[in-house]
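Quick notes on the structure that follows.
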Amino acid sequence: MQDLDPWQALRQLTAARIGLGHTGISQPTRAQLEFQLAHARARDAVHETLDTGTLHAALTEALAQAWPDQPAPLLLHSAAADRHVYLQRPDLGRRLNAPSRERLCALGDDTAQEAPPDLALVVADGLSALAISRNAAPFLQALGMRLDRSAWRLAPLAIVEQGRVAIGDEIGELLGAKMVVVLIGERPGLSAPDSMGLYISWAPRVGLTDERRNCISNVRPAGLGVTEAADKLCWLLGEARRLQLTGVRLKDETGAGSPPLAAERRPFLL
Amino acid sequence: MSQITHLVGSRTYTFAGLRDLLAKASPARAGDYLAGVAAGSAEERVAAQMALADLPLTTFLNELVVPYETDEVTRLIVDGLDPVAFARIRHLTVGAFRDWLLGDDADGHALAAIAPGVTPEMAAAVSKIMRIQDLVLVASKCRVLTRFRNTIGLPGTLSTRLQPNHPLDDASGIAASLFDGLMYGSGDAVIGINPATDNVEQVITLVGMLDEIIARYAIPTQSCVLTHVTNTMAAIERGAPVDLVFQSIAGTQAANASFGIDLALLREAREAALSLRRGTLGDNVMYFETGQGSALSSNANHGVDQQTVEARAYAVARAFQPLLVNSVVGFIGPEYLYDGKQIIRAGLEDHFCAKLLGLPMGVDVCYTNHAEADQDDMDVLLTMLGAAGCTYVMGVPGADDIMLNYQTTSFHDALYARRALGLTPAPEFHAWLRDMGIFTGDGPATLGRSVPAAFQRALQLP
């Protein structure tokens, strides 16, 4: 005989699994099986592959609107050949494979006479190809509307398969960019299989570690919206350029916190 | 580095010093293969364990796995060793140390007496020649009590950290999970939020909100917003009511640097928190998190195996008299702990090593969706940890953390462990749960059937 929780109405306040009820002190059957289903779906999401053709088309279109003079995105691949290798060898996911590296080197030689780009944007599948296929193009559009085009010289956009965050450092270095932003699929949670993270490094080069990066996470329709994320990124980019650094010494001071908290400081318990 | 050899049958195995021996004696583990330090065969692993068992404990004082000159964690370990405590065990080999730990003379008092004389490397070494039941049995004899507004770590108790995270730090969303947790008896270790962003203003708002809720309902517990130590210090400077200072720590100076910290910064943070004098029963003001793999992931492992370098983080923790330490065992991912078997073993090793060093160790019994693990593995680890006297585990609605995107123990899971093993929450919190009518009856954990009056007003329920 299971007991319902009389506070089930609170479920409208959060996606968390509250008010599940109990039988004795254990989870009721329905809650337990719903959890198993969510886990099964998240497991499947991890192993899904990035549809690079569709993504390339979507990002090309997003770029055309935001930065009309940009070349088509580059398609690159990390040194991790497939998902199985990727999961066990993060070192390989952080580095480009040889053909991709050669391609960027050649590109660097071609553009050596030009001024170095201010910003390189990298889109990597990470642990959720779904996050990237859903969120990368809308985010780039939002960013394009906010970032001052005359003040930020962009490197060609790179799309990377089987990439980890730090692969942006190698790409940024090879492109000679002053700063890199990596858009990457975060590991899928049970309630959020489609979360995208943004990682920002000043002076990208191979070997940078996490204390040198800033991160904006949980970019997705049910999380941080692309507009807010783009605003936040623009602020951080500006500050990073002013201070000539990113990482723990660059604090996110974008005002009064995220809007929901600022708007409603008194939850029902107070 | 002195070479160490061991003969197995007709074959001689040679190890290039203590660091190599410790690594090859480690149970098979993804992170050690990734680092290139693991044993090359199953037989080599056991040969290393046999050679390790023959090694005198004094070896660990003469041969350091990370250089003294270049690493402040090594200096902390060496300079901080209590010679009187070590004198009680200095005649032992690693193998004899295992026998002594399991022996009937090694009761809680004896184990507490040697704790300041045990180095992390000794603890890791002896754990490598222990089976899981050994790790459980010895840890269950170690008792470590800490206090802030309640008493954590008493025999017969299992505490929980109520973790009401929300992906947008939405105040009502956090409050809803917090309420759910309290109604399931969770939150005596700490009510701790992982904020969605590191914005200092947001941290201050969350700290203030938790402070108000704890005060309004007179909950005998403490709060923490798990942000970088420099953010917490900034919040304290701006007058925020901070109970505990949180920081992730690791086992080498370089790994700590990758977290943006060093020992001096932690000392400064502890002083800042102590200056607020907010603890009513004690002044354990620090909360540390650790986890196997963090040193390697920042290229700062110095060729030391994953578990040994993890144990070194406990020397860092020990220097700051923390209220809570937590191994986030399955959080980092399958490249370090591949599957349920590796996560279970690592969680019990971490708990054992920390308890042997005298720390209030809890474990985040958890996994990510890209690891080969599931709820069955978590049930096994939770049960073993409960038997081992683990200080606390996490409490998250339905085991699903919607902010950090991983699975950890649910409120129900903690109640299962308490009931199956006859454990209660911290006494002050347990009394509060009974006073509120959240727990009823004489058992360790039986839920009441109605919402307490104090909460009914907040919920405006009929």
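The values are calculated or read from the model by the stated rules, or taken from the named source; none is laboratory data. All of these numbers come straight from a predicted model, not from anything done at the bench. Neighbour counts run over all protein chains shown; Cβ positions are idealised from the backbone, glycine included. Please note that ligands, DNA and RNA were not included when accessible areas were found on the heavy atoms of the full protein model with its side chains. Shrake-Rupley method; radii C 1.70, N 1.55, O 1.52, S 1.80 Å.
Would you work out what percent of the accessible area of the range B:85-138, with all protein chains in place, is carbon or sulfur (probe 1.4 Å)? Solvent-exposed carbon and sulfur of the range B:85-138 make up 51 percent of the total. What average count of beta carbons from other chains do you get within 10 Å of the Cβ of residues in B:369-377? Taking all residues of B:369-377 together, the mean is 5. The candidates A:Ser150, B:Ser172, arranged from most to least accessible area with a 1.4 Å probe in the full protein assembly, appear as A:Ser150, B:Ser172.
Do you know which residues of the range A:197-216 lose at least 40 square angstrom of accessible area in the protein assembly compared with their chain on its own, with a 1.4 angstrom probe? Residues losing area: A:Thr209, A:Glu211.
Of the beta bridges in chain A, as assigned by DSSP with both residues counted there, near 50 percent are antiparallel.
Between the C-alpha center of the range B:360-417 and that of the range B:44-100 there is a gap of 32 Å.
Enter the mean number of other protein chain beta carbons within 10 Å of the beta carbon of each residue in B:295-305, as an integer.
Numbers: counts 0, 2, 5, 3, 3, 1, 0, 0, 0, 0, 0.
The mean count of partner-chain Cβ atoms within 10 Å per residue comes to 1.
Only one residue of B:Gly117, B:Ala51, B:Ile332 has its Cα farthest out toward the positive end of the dipole of chain B, where Lys and Arg carry +1 and Asp and Glu -1 on Cβ, and that residue is B:Gly117. Taking the protein heavy atoms of the range B:265-409 in the context of the full set of protein chains, the accessible area attributed to carbon and sulfur is 48 percent at 1.4 Å.
Per-residue packing, averaged as other Cβ atoms within 10 Å, sorts the ranges A:190-200, B:264-274, B:198-208 into the order A:190-200, B:198-208, B:264-274, beginning with the highest.
Largest first, the residues B:Thr368, B:Thr280 sort by 1.4 Å accessible area into B:Thr280, B:Thr368.
Could you tell me what percent of the DSSP beta bridges with both partners in the protein assembly as shown are antiparallel, to the nearest 5?
Within the protein assembly as shown, antiparallel bridges account for around 40 percent of the total.
Across peptide B:177-183, what mean number of C-beta atoms from other chains lies inside 10 Å of a residue's C-beta? Intermediate values should be presented prior to the final figure.
On the way: counts 7, 3, 8, 10, 2, 1, 6.
Taking the mean over all residues of the peptide, I get 5.
How much accessible area per residue does the protein assembly as shown have, in Å², with a 1.4 Å probe?
Details: 25900 Å² over 732 residues.
Result: 35 Å² of accessible area for each residue.
Burial here means at least 20 square angstrom less accessible surface with every protein chain in place than with the chain by itself, probed at 1.4 Å; in the range B:438-462 the buried residues are B:Leu447, B:Arg449, B:Val451, B:Ala458, B:Leu459, B:Leu461.
About its Cα centre, how strong a charge dipole does the protein assembly as shown have in debye, to the nearest 20, once Lys and Arg get +1 and Asp and Glu get -1 at the Cβ?
On the way: 61 positive and 81 negative charges, 178 e Å.
The calculation lands at about 860 debye.
Give the relative contact order (percent, whole number) for chain B; include only Cα pairs under 8 Å separated by 6+ residues.
Working: 965 pairs, mean separation 85.2, N = 462.
Relative CO of chain B lands at 18 percent.
For the pair A and B, how large is the buried accessible area, both sides, in square angstrom to the nearest 100, if the probe is 1.4 Å?
On the way: alone 14560 and 17210 Å², together 25900 Å².
What A and B bury together is about 5900 Å².
Between B:Arg419 and B:Ala96, the simple spin-label model (points 7 angstrom out along Cα→Cβ) gives 4.9 nm.
Which loop GluC sites (Glu not before Pro) in the range B:2-83, with loop taken from DSSP, have no more than 12 other Cβ atoms within 10 angstrom of their Cβ? Each step should come with its number before you reach the end.
On the way: sites: B:Glu43, B:Glu44, B:Glu63, B:Glu69, B:Glu72; in loops: B:Glu63, B:Glu69.
Qualifying residues, ordered by number: B:Glu69.
The helix-only estimate of mean residue ellipticity at 222 nm for chain A, built from DSSP H runs of length n ≥ 4 each weighted as -39500 (n - 2.57), is -12000 deg cm²/dmol after division by the residue total. Listed by chain and number, the lysines whose alpha-carbon sits under 26 Å from that of B:Lys355, ignoring those within fewer than 8 places in the same chain, are B:Lys24, B:Lys128, B:Lys141, B:Lys341.
Within a straight-line Cα-Cα reach of under 16 Å, A:Lys251 can be paired with the following lysines, leaving aside sequence neighbours fewer than 8 residues apart in one chain: A:Lys232. Would you work out what percent of the accessible area of the range A:1-140, with all protein chains in place, is carbon or sulfur (probe 1.4 Å)? Solvent-exposed carbon and sulfur of the range A:1-140 make up 53 percent of the total. Quick one: net charge of B:Asp442's neighbours, Cβ under 13 Å, K/R +1, D/E -1? Net of charged neighbours comes to +2. Counting DSSP beta bridges in chain B, what percent are antiparallel, to the nearest 5? Counting DSSP beta bridges with both partners in chain B, the antiparallel share is about 35 percent.
Multiply the residue separation of B:Ala218 and B:Arg267 by 0.36 nm, subtract the distance between their alpha-carbon atoms, and state the gained length in nm to one decimal. Walk me through the intermediate numbers first.
Details: separation 49, 0.36 × 49 = 17.64 nm, distance 3.03 nm.
Using 0.36 nm per residue and subtracting the Cα-Cα distance, I get 14.6 nm.
Computed over protein heavy atoms with a 1.4 angstrom probe, the accessible surface ordering of B:His109, B:His166, B:His302, largest first, is B:His109, B:His302, B:His166. Sparse packing (at most 15 other Cβ atoms within 10 Å of the Cβ) combined with a DSSP loop state is found for the following trypsin sites (Lys or Arg not before Pro) in the range B:58-97: B:Arg88, B:Arg90.
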